[in-house]
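Following: one structure in structure tokens, then a few remarks.
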Amino acid sequence: MSITRKNGPLYLQIKKIIKDRILHGVYPLGSHIPSEPQLEQEFNVSKMTVRNAIQELYQEGYVEKRSGVGTIVTRNTSFSKLSKGKLFTEILVEEGHQIRKRHLKTEWVHNEPDSELFLNFGERCLLIERLYLLDGSPFIYYTHYVSSLVDMGEEFDSSELPSLYERIEESQITLENFRDRFLATVANEEIASLLEVSAGTPLLKRLRSSYDQTGSIIEYSIGYYNTELQHYLISYDA
């Protein structure tokens, strides 16, 4: 896949892509990530760029290089600053599932005065639509509305959408809390087509608002889950 210097150092972009694949089960715990020559060819970069990316992953504890064996995945969970709760996708990956993200749309939205989006984000915000696939089957359809304070980069690949919460952190924004609301709903024609279910199929709908330390909303998302494929799970450490 292609990466660009417009989005920062190449080795950091590669590190983030590989890390995202690890967190979503593409490279399972205990498995090998692709060899350096394979990564050089995939990203069209130098050997040193790939080695720097792997070194970053090693320093963060995600991989370990073993002589004569290769680079092994040694951790597949991230650290959440929001709570002790594990991310839903992390629970699924720990259970042996694979999660893929498919980028559907990214565009700037100009909000109408007095609308809820205007009250939350001002004149404009970034709209991101994406589809999560569970073991190859459409599972979650997300629509995100993101504050213009968040730098999401300039280009998006259809298969390697950058981590939203990682980009928020890189934009020097600290999320202090989030609020989730859950509703029961049914799939309309558009959502049914995306999730490959019949119109009228019962779905779980999640509304999430993420706030910074000043209480300002940074991201608002709407998610539709096909819970017939997998129940929504929450795990907390005591």
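The values are calculated or read from the model by the stated rules, or taken from the named source; none is laboratory data. Since the structure is predicted, the reported quantities are computational estimates derived from the model, not experimental observations. All Cβ positions, glycine included, derive from the backbone under ideal geometry; neighbour counts span all protein chains shown. Areas reflect the complete protein model, heavy atoms only, side chains present, ligands, DNA and RNA absent. Shrake-Rupley method; radii C 1.70, N 1.55, O 1.52, S 1.80 Å.
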(request) Select from region 161-202 the residues that are open to solvent by less than 30 Å² (accessible area, probe 1.4 Å) and either modelled with pLDDT of 95 or more or touching a strand residue (DSSP E or B) at 6+ places or on another chain (Cβ under 8 Å) (or both) and list them in ascending order. (result) Leu161, Leu164, Ile168, Ile173, Leu175, Ala187, Ile191, Ala192, Leu195, Thr201
(request) Pick out the one residue from Glu64, Glu60, Glu42 that is under 21 Å from Arg167 (Cα atoms) and not aliphatic (A, V, I, L, M). (result) Glu60
(message) Quick test for you: out of Arg66, Arg130, pick the one residue that is more than 22 Å from Leu10 (Cα to Cα), surrounded by fewer than 16 Cβ atoms within 10 Å (Cβ to Cβ), modelled with pLDDT under 95 and of a type in the set (Lys, Arg).
(response) Arg66
(request) Evaluate region 77-84: report whether one residue or more is loosely packed, with under 14 Cβ neighbours inside 10 Å and at pLDDT 80 or above. (result) no
(request) Please find, within region 32-45, the residue that is nearest to Asn76 (Cα to Cα) out of those that are open to solvent by less than 60 Å² (accessible area, probe 1.4 Å) and not charged (D, E, K, R). (result) Ile33
(request) Mind telling me which of the residues Leu23, Leu57, Leu29 ends up being open to solvent by 70 Å² or more (accessible area, probe 1.4 Å), of a type in the set (A, V, I, L, M) and closer than 28 Å to Ile91 by Cα? (result) Leu29
(message) Filter region 185-207 down to the residues that are aliphatic (A, V, I, L, M), more than 20 Å from Tyr220 (Cβ to Cβ) and out of contact with any helix residue (DSSP H, G or I) (no Cβ under 7 Å at 6 or more places or on another chain) and list them by number.
(response) Val186, Ala192, Leu195, Val197
(message) Out of everything in region 203-238 that is open to solvent by 80 Å² or more (accessible area, probe 1.4 Å) and over 27 Å from Glu169 (Cβ atoms), what residue ends up being modelled with the lowest pLDDT?
(response) His231
(message) On the basis of being in contact with a helix residue (DSSP H, G or I) (Cβ under 7 Å, 6 or more places away or on another chain) and either closer than 22 Å to Leu133 by Cβ or without any contact (Cβ under 8 Å) to a residue 24 or more places away in the chain (or both), does Ile33 make the cut?
(response) yes
(message) If I ask for residues that are under 23 Å from the mean Cα position of the chain (by Cα) and under 24 Å from Val150 (Cβ atoms), which ones from region 194-214 would you list?
(response) Lys205, Arg206, Leu207, Arg208, Ser209, Ser210, Tyr211, Asp212, Gln213
(request) Assess whether Ile91 counts as being of a type in the set (A, V, I, L, M), assigned to a helix (DSSP H, G or I) and not assigned by the TED database to the domain that holds Glu166. (result) no
(message) When the residues of region 1-12 are narrowed to those that are in contact with a Phe, Trp or Tyr (Cβ under 8 Å, 6 or more places away or on another chain) and crowded, with 18+ Cβ neighbours inside 10 Å, which ends up modelled with the highest pLDDT?
(response) Leu10
(message) I'd like to know if region 186-193 contains one or more residues that are farther than 30 Å from Leu149 by Cα and in contact (Cβ under 8 Å) with a residue 24 or more places away in the chain.
(response) yes
